[in-house]
1. Tell me the label-point distance for the pair ALA41, SER72, using the 7 Å Cα-to-Cβ offset, in nm and rounded to one decimal.
2. What shape does the chain take by its C-alpha gyration tensor, where a ≥ b ≥ c are the square roots of the eigenvalues and a/c under 1.5 counts as rounded, a/b above b/c as prolate, and the rest as oblate?
3. How would you rank 209-221, 21-33, 240-252, highest first, on the average number of other Cβ atoms within 10 Å across their residues?
4. Which value in deg cm²/dmol, rounded to the nearest 500, describes the helix-derived mean residue ellipticity at 222 nm for the chain, given -39,500 (n - 2.57) per DSSP H run of n ≥ 4 and division by the residue count?
5. For the range 219-286, just say rounded, prolate or oblate: build the C-alpha gyration tensor, square-root its eigenvalues into a ≥ b ≥ c, call rounded for a/c under 1.5, and beyond that prolate if a/b exceeds b/c, oblate if not.
6. With labels modelled as points extended 7 Å from the Cα through the Cβ direction, what inter-label distance (nm, one decimal) is found for ASP203 paired with GLU92?
7. How much length is gained if the chain between LEU281 and LEU144 is pulled fully straight, taking 0.36 nm per residue apart and subtracting their Cα-Cα distance, in nm to one decimal?
8. Hey, can you rank 176-186, 198-208 by average C-beta count inside 10 Å, highest first?
Amino acid sequence: MSLADVSPAIRLEAEAGERSARRRWLLSRMAVYGALCLFAAIYLGPALIVVFSTFRTPVDVARDGLIALPRSFTLEPFWRVWTQACVSGVCEGIRPNFVNSLVLTVPATLIATAFGAVNGYVLSKWRFPGSQLIFGMMLLGVFLPPQITLLPWAFIMGKLGLANSVVGLILIHTVQGISFTTLFCRNFYVQIPDPILAAARIDGAGFWRIFIRIVVPLSPPILAVTVIWQFTSIWNEYLFGMVFTSGDQQPITAALMSVRTGGSSAAVLIAALPPMLVFLLGGRYFVQGLTQGAIR
């Protein structure tokens with residue numbers, strides 16, 4: 001029965017109920033989006049201050065203070081901090097430290113991801129007596145604060161002659177990252193149906209052939225997760241870089257604390273650019289890989 005078939009009073013009451021429901025829905029939406037906009041503004045506030053300061057000249061900063069809108073936009077601070085900024089008394093810019101971070105992050109990310117993929121494959125599909133114990137011990141590395149490992153790593157770096165070198169940092173971050181990459185890959189590979197691997201074994205495929213021909217082609221989502229996670233974690237890491245390197249061997253995050261020339265905001269923005277690009281380019285694969293690895 002339509003509204004036209006009922007009495008006017010009932011029809012008016014129904015229309016008033018619909019308007020009230022729409023009003024409540026609209027108010028709830030406005031409250032939700034208003035709260036989200038407020039939290040976004042609070043979260044983005046410091047980042048906007050850094051971005052605005054990046055395009056301001058030293059004269060503007062001296063006249064208006066650190067927090068102010070730029071009077072004019074200039075890219076000169078980027079060039080100055082890239083080529084002339086003084087880091088630990090050496091005024092050659094942050095370019096060498098930026099290169100150090102690239103040389104450190106790329107191989108450490110790839111090596112830790114490769115080890116994590118193999119470990120995850122073994123611990124999920126080639127179980128053996130004690131495999132769960134080994135996985136549990138490796139899992140402890142996820143929860144181990146890096147401060148606890150400083151003294152052991154100092155001893156190892158000294159014995160290997162890798163103190164104050166980018167190679168030493170590559171070793172540290174590779175080993176530190178294997179726990180995370182193993183956890184991610186193991187949880188993802190558990191979902192691969194065992195009959196597929198059993199059929200490959202019946203056909204004569206061995207450990208590495210199954211891994212390369214079957215497991216790796218199914219791995220892009222989780223490999224994207226591990227690469228993005230490792231890249232951003234290693235690039236943004238500060239503690240090991242500050243403790244175990246100095247001078248021209250420091251990565252960009254440690255060098256930022258030693259910048260003495262104006263343009264520190266530009267240096268911060270340059271340092272933040274690579275992980276931002278990595279996450280923006282692979283963000284949807286990151287979410288996809290995490291959700292696939294969380295559901296069995």
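1. Taking the two extended label points, one gets 3.1 nm.
2. In terms of gyration-tensor shape, oblate.
3. Ranked from most to least packed, the peptides come out as 240-252, 209-221, 21-33.
4. Numbers: 13 runs with 213 residues, N = 296.
Computed mean residue ellipticity for the chain: -24000 deg cm²/dmol.
5. Judged from the Cα gyration tensor, the range 219-286 comes out oblate (a/c at least 1.5, b/c at or above a/b).
6. 5.5
7. Taking 0.36 nm per residue and subtracting the Cα distance, the gain is 46.3 nm.
8. Values: 176-186: 23.3, 198-208: 11.2.
Per-residue Cβ counts within 10 Å, averaged per peptide and sorted highest first, yield 176-186, 198-208.
Just so you know, all these numbers are worked out from the coordinates, no wet-lab data involved. Only a predicted model underlies this, so the values are computations on that prediction, with no experimental measurement involved. Here the Cβ is made from the backbone with ideal geometry for all residues, glycine too, and neighbour counts use every protein chain on show.
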